[in-house]
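The values are calculated or read from the model by the stated rules, or taken from the named source; none is laboratory data. Keep in mind the model is a prediction, meaning the values are calculated, not measured. All Cβ positions, glycine included, derive from the backbone under ideal geometry; neighbour counts span all protein chains shown.
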Ligand code: GLC
């Protein structure tokens, strides 16, 4: 058993060992390097996982890997407008890719969900790709890459895919179940928070990176959507004591433009756990809003990305951190940080997950604790000036992460046990630790992923 006198050094070595090569160039990192577990697709480079590694590379002089990654994933982007099924939609980015030897040469094989367990579509990949492109430009000043015509085209394909009018008229993105970090059935279809927060960040990245000539009107559409999306999220997703009281007194069946209860939420759908759990001080964004639906669960990545990207107002951001501090044992526990709270149990577990044994209560996506979420917590804490909170979270990680061989996730109400099926040497757990150390040591790095306050929220025509 290694001693981990120097956890940072060991983490650096482990990150280095996870680097994936294509034609002699470093192009990404594999998801996990666990020889004792079935590889499944953990030997591939996932777009969402790579973002954590990429931010470490951008802050440690390895920008070349990020540039290579951005270039090769762009070549994998779905480029054809098709009317048939079984093919990714125009503009989509893969969930993951691998390098295979074929006919004596190396080829890249992308997975858009057609091989993934349950065939889930990775909507977050194209959003993360734009966020990462902007981080790369911020870190290197290499605007020429984003200005290249293939990059401008790639961004436009993603934006068209997201901004196209489809079957609804919400400013949020309508997506199927399991289309982001939670890539299994978990009742996260419709308008899940994480996708909306990443959508907002991708739009803000596009606003910075799109060239000003706007012949197709995409740039104008991006700016307009940003205002509507911010208003929608800040008004309808927000939950705190005052909102609880409003919802509790909602009337149902309101018709037309003057309706206050726009989504026809019934007070009796407010779960008892929420009424007991919500502190007097603090608040957060709901996990999902739809017709007759508020998913009251706290989803960590979406809430923390809202803080980091300024999707939440300054006041809301500070309230989200207050909530984390006030509910520390539930949300952070013994390993930062819980992916969502609370777990769904009993009949809800049966209905939400389809009896999924990997997602039993307080495990994996259903209330497990994920070390990768440390960096999101540290970044949000640094942004809102909660340095002590960030340091406390890092300390918890330091005590166990290396000893436990960098697991993918932890189980239990407080994250005490290494996850039942957790991979060891999970790359984004390793990278999150390194990135968190970087962010504390040099808060300037925050600007790679954060955005300035945005007061352009525009009321929606609902
Ligand atoms: C699991 C996670 C997903 C991650 C992948 C690779 O499927 O749910 O978010 O990208 O593993 O680590």
Can you say whether residue 143 is away from the ligand (no atom under 16 Å from the Cβ) and assigned by TED's automatic domain parsing to the domain that holds residue 42, as far as the supplied structure shows? yes
Quick one: in the stretch 13-53, of everything that is away from the ligand (no atom under 16 Å from the Cβ) and in a strand (DSSP E or B), which residue is nearest to residue 123 (Cα to Cα)? 27
Leading residue by the ranking (farthest from the ligand (Cβ to nearest atom)) among those in the stretch 405-450 that are without any contact (Cβ under 8 Å) to a residue 24 or more places away in the chain and closer than 25 Å to residue 317 by Cα: 444
Can you tell me which condition residue 108 does not meet? The list is (1) crowded, with 17+ Cβ neighbours inside 10 Å; (2) within 14 Å of residue 25 (Cα to Cα); (3) under 24 Å from the mean Cα position of the chain (by Cα), and all the others hold. (3)
Residue satisfying all of: in the stretch 90-105; within 21 Å of the chain's Cα centre (by Cα) and outside any strand (DSSP E or B); nearest to the ligand (Cβ to nearest atom) among these: 95
The stretch 55-80: number of residues that are assigned to a loop (DSSP other than H, G, I, E, B) and either buried (at least 21 other Cβ atoms within 10 Å of the Cβ) or modelled with pLDDT of 95 or more (or both): 4
Is it true that residue 194 is away from the ligand (no atom under 16 Å from the Cβ) and either in a helix (DSSP H, G or I) or loosely packed, with under 14 Cβ neighbours inside 10 Å (or both)? no
Filter result for residue 164 (touching a helix residue (DSSP H, G or I) at 6+ places or on another chain (Cβ under 7 Å) and either in contact (Cβ under 8 Å) with a residue 40 or more places away in the chain or away from the ligand (no atom under 15 Å from the Cβ) (or both)): no
Residue match in the stretch 16-27 (condition: crowded, with 20+ Cβ neighbours inside 10 Å and either closer than 21 Å to residue 145 by Cα or within 18 Å of the chain's Cα centre (by Cα) (or both)): yes
